[in-house]
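In what follows, a structure is listed as structure tokens, so that the remarks can point back to it.
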Amino acid sequence: MTRMRDCIFCRIIEGNLPASRVYEDETLIAIEDVHPQAPTHLLIIPRQHLATAQDFDSSHRQLIGSVFLAAKRLAEERGVAEQGYRVVLNCNRAGGQTVFHVHFHLLAGRPMRWPPG
Ligand code: AMP
Ligand code: ZN
């Protein structure tokens, strides 16, 4: 699987940078965000290094589906499924992306505003 030496999420996936892992399987990991923006703020990170969502192609259909199923299960585990949660993908700079290894935010535990900033 593609690894990027200078990518912080690749380093976390490899175990070379500490992170609070809350879930992992063969295709993705989930960690606690280091700067949480809500009482629950997890990052669901595919193991494969893809810089942005623009790198997704049809070979990633199953991976993308796995992310949302993981989000659903994690929300249930955290007890936030019923009250509600938000799954966010920031793509490229104007989309708010700062780490260029594709990932999904799972945010919950407070009311989410709309539209997002
Ligand atoms: P984004 O702005 O969508 O690219 O999200 C990047 C997220 O990664 C931000 O919410 C950061 O707080 C988070 N983050 C950056 N470095 C780490 C790290 N070492 N461990 C956990 N979360 C991190
Ligand atoms: Zn990476």
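The values are calculated or read from the model by the stated rules, or taken from the named source; none is laboratory data. Computed from a prediction, not measured in an experiment: that's the story for all the values here. Cβ: placed from backbone, ideal geometry, glycine included. Neighbour counts: every protein chain shown. Remember, those area values only see protein heavy atoms, side chains included, never the ligands or the DNA or RNA. Shrake-Rupley method; radii C 1.70, N 1.55, O 1.52, S 1.80 Å.
Numbers for the structure displayed
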item	result
³J(HN,Hα), Karplus 6.51/-1.76/1.60, whole Hz, each residue of region 46-53, x for Gly, Pro	x, 5, 6, 6, 10, 5, 9, 4
Whole-number D in µm² s⁻¹ for the chain, Kirkwood Cα-pair radius fed into Stokes-Einstein, 4 °C, 1.567 mPa s	89
Computed label-point distance, nm, for sites ASP25 and ARG5 using a 7 Å Cα→Cβ extension	3.3
Accessible area per residue, Å², the chain with all protein chains present, probe 1.4 Å	61
Point-to-point label distance, LYS72-GLN37, nm (Cα→Cβ direction, 7 Å offset)	2.4
Carbon/sulfur fraction of accessible area - region 8-108, other protein chains in place, 1.4 Å, %	48
Cα-centred dipole magnitude for the chain, charges only on beta-carbon of K, R (+1) and D, E (-1), debye, nearest 20	260
Signed unit charges on C-beta, dipole axis of region 8-108, positive-most listed residue THR27, HIS41, LEU17	HIS41
Sequence-separation-based contact order of the chain, relative, with Cα cut under 8 Å and 6+ spacing, percent	29
Degrees separating the helix 61-78 axis from the principal Cα axis of the chain, which is the longest one	40
